[in-house]
Structures are given as C-alpha cells and as structure tokens.
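Novice: Quick one: structure below, then a few questions.
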Amino acid sequence: MKRGLRYDFDLLALLLIPVGVALNFVGYQLSAALKLPVWIDQVGTCFVSMIAGPWVGMVMALLGNIINGMLIPTAIPFAFVAMTNALFVGYFSRFKFFSNIFTAVIACAIVNVATAVPSAIVTTFVFGGATGAGSDLLTAVFLAAGKALLWSTIQANLVGGTFSVAFNFTIAWLLVRRLPDRFLIKLNYGRPYIKNRKALIYA
C-alpha cells in the first residue's frame with residue numbers, strides 16, 4: 001500500500017478529520033474551562049495521525065486549533081505545536097512504534113520533547129509566559145526557583161506534557177483498538193492495529 005502526501009488523503013481519511021477535530025474541541029474546552037494542569041486536547045490528533053498518517057493528522061490539527069481559536073483565541077498560535085505532534089505520531093505509527101509498550105513509551109517521550117520546546121517558545125514570546133491555563137502554576141514554581149522564563153516554561157511543559165502526551169495517546173490508542181478490522185484494513189496506516197491478523201491474508 002502506497003503512503004505519502006499524494007496517497008494519504010483518500011475518502012476514509014478525509015472522513016476522519018471532522019471526528020478528530022471534534023475530539024480535540026471537547027478536550028480543549030474541558031482543559032480550558034477546568035484549568036487543568038494537563039491538556040487533553042490532542043486525543044483527536046493522535047487518533048487520526050495513528051491510522052490516517054502524519055499529513056492528514058497535520059491538516060486535522062490545524063483545523064482543530066483554528067476552530068478552538070474561534071472561542072479561545074490563545075489556541076491559534078499553538079497550531080504549529082499540534083501539527084508537530086501529528087507529524088511525529090503519524091511517522092511513529094507508520095514505523096509500528098505503537099505495536100508494543102516499550103517502543104510506544106519511547107515514541108511518547110520523543111513526542112513530549114518535540115512539542116514542549118515550540119510550545120514553550122509560543123507561550124513565552126507570544127503570551128509572556130502565561131496563557132491562563134493550569135500549566136501556568138508549574139511555570140510559576142520554576143520561576144520561583146530562580147529559573148529564566150523560557151527555561152521555566154520549557155520545564156513546565158516537559159513535566160505537564162509527560163502526563164498530557166500519555167493521557168492523549170492512551171485514549172487515542174483505546175479508540176483505535178475499538179475500530180473493527182474491516183475498517184482498519186482500508187486505511188493506509190491501520191494495518192498495525194488489526195486484531196485478527198488472518199484478515200491481512202485476504203486484503
């Protein structure tokens with residue numbers, strides 16, 4: 001099965017985009033309203049990127065942040081962070097990193113670092129280090145310890161991001177596992193998650 005920018009945007013992949021946007025929307029609004037110390041706004045991004053690939057995931061992530069930004073404008077500058085998440089998760093899925101717990105943990109750790117740095121840059125230089133989210137409390141703790149603002153924000157994102165990435169990925173993985181094999185087998189990146197491996201023989 002061919003994969004890549006030219007082949008990933010088939011009908012099934014396109015139909016997944018609004019599903020992912022909706023999942024991200026619900027998670028973002030809950031995180032913002034409850035001022036949670038972790039963000040649960042990337043479930044849809046992980047879900048779509050895992051089974052439809054990085055390019056579809058990036059488009060979905062961009063649209064999700066734009067829609068969230070209509071209600072909470074602070075979401076829009078973080079679109080690049082969400083797209084980075086989609087890129088890494090999609091490629092890790094392509095190379096079957098999520099087929100066992102050991103490589104999945106490694107992948108999530110890399111995703112956390114890859115998204116923490118650009119997120120900290122946006123938070124520091126666009127919002128002055130505070131966005132009004134629960135994660136600002138972690139930043140304040142590191143600032144009180146004498147750290148510079150950017151470094152404090154990076155550390156806060158790494159700590160909070162560890163739980164955020166783990167939570168978002170776990171929920172997305174559980175959703176993927178609930179999908180029927182007959183649906184997964186039609187997706188460019190769905191085959192690693194097929195439960196009945198005999199189905200591959202007849203694909």
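Novice: Residue by residue through the range 71-127, note down the ones that are more than 15 Å from Ile154 (Cβ to Cβ) and hydroxyl-bearing (Ser, Thr, Tyr).
Specialist: Thr74, Tyr91, Ser93, Ser99, Thr103, listed by residue number.
Novice: Here's another thing I want to ask about it. Out of all the residues in the range 27-37, is one or more among the polar types (S, T, N, Q) and closer than 23 Å to Arg177 by Cβ?
Specialist: no
Novice: Sticking with this one: Could you list, in sequence order, the residues of the range 63-82 that are within 12 Å of Pro18 (Cα to Cα) and either open to solvent by less than 30 Å² (accessible area, probe 1.4 Å) or free of Cβ contacts under 8 Å to residues at least 24 places away in the same chain (or both)?
Specialist: Answer for the range 63-82, where residues must be within 12 Å of Pro18 (Cα to Cα) and either open to solvent by less than 30 Å² (accessible area, probe 1.4 Å) or free of Cβ contacts under 8 Å to residues at least 24 places away in the same chain (or both): just Gly64.
Novice: While we're looking at this one, here's another question. Consider Val48 against the criteria (1) free of Cβ contacts under 8 Å to residues at least 40 places away in the same chain; (2) touching a helix residue (DSSP H, G or I) at 6+ places or on another chain (Cβ under 8 Å); (3) open to solvent by 10 Å² or more (accessible area, probe 1.4 Å): it satisfies all of them except one. Which criterion is unmet?
Specialist: Only one criterion in (1) free of Cβ contacts under 8 Å to residues at least 40 places away in the same chain; (2) touching a helix residue (DSSP H, G or I) at 6+ places or on another chain (Cβ under 8 Å); (3) open to solvent by 10 Å² or more (accessible area, probe 1.4 Å) is unmet by Val48, namely (3).
Novice: A further question on this structure: Just the residues that are at pLDDT 90 or above, within 16 Å of Ser99 (Cβ to Cβ) and in a helix (DSSP H, G or I), please, taken from the range 169-191.
Specialist: Scanning the range 169-191 gives Phe169, Thr170, Ala172, Trp173, Leu174, Val176, Arg177, Asp181, Leu184.
Novice: If you don't mind, there's one more thing I want to ask. Which of the residues spanning the range 121-144 are within 17 Å of Ile40 (Cα to Cα) and touching a Ser or Thr at 6+ places or on another chain (Cβ under 8 Å)?
Specialist: Thr131, Gly132, Ala133, Gly134
Novice: Could you list, in sequence order, all residues of the range 1-30 that are among the polar types (S, T, N, Q) and either at pLDDT 95 or above or buried (at least 20 other Cβ atoms within 10 Å of the Cβ) (or both)?
Specialist: Of everything in the range 1-30, just one residue is among the polar types (S, T, N, Q) and either at pLDDT 95 or above or buried (at least 20 other Cβ atoms within 10 Å of the Cβ) (or both), namely Asn24.
Novice: Mind listing whichever residues of the range 159-194 are among the hydrophobic types (A, V, I, L, M, F, W, C), open to solvent by less than 10 Å² (accessible area, probe 1.4 Å) and closer than 22 Å to Val38 by Cβ?
Specialist: Once the filter is applied, which keeps residues that are among the hydrophobic types (A, V, I, L, M, F, W, C), open to solvent by less than 10 Å² (accessible area, probe 1.4 Å) and closer than 22 Å to Val38 by Cβ, the range 159-194 yields Ala172, Val176.
Novice: Just the residues that are aliphatic (A, V, I, L, M) and surrounded by 15 or more Cβ atoms within 10 Å (Cβ to Cβ), please, taken from the range 83-108.
Specialist: Once the filter is applied, which keeps residues that are aliphatic (A, V, I, L, M) and surrounded by 15 or more Cβ atoms within 10 Å (Cβ to Cβ), the range 83-108 yields Met83, Ala86, Leu87, Val89, Ala104, Ala107.
Novice: Also, I was wondering about something else. So Leu71 clears everything in (1) within 18 Å of Ala32 (Cβ to Cβ); (2) under 13 Å from the mean Cα position of the chain (by Cα) except one condition, right? Which one?
Specialist: (2)
The values are calculated or read from the model by the stated rules, or taken from the named source; none is laboratory data. Worth saying up front: this structure is predicted, and the values here are computed from it rather than measured. Methodologically, a virtual Cβ is constructed for each residue, glycine included, from the backbone with ideal geometry; neighbour enumeration extends over all protein chains shown. Ligands, DNA and RNA are stripped out before the accessible areas are found, and what is left, the full protein with its side chains, is counted by its heavy atoms. Shrake-Rupley method; radii C 1.70, N 1.55, O 1.52, S 1.80 Å.
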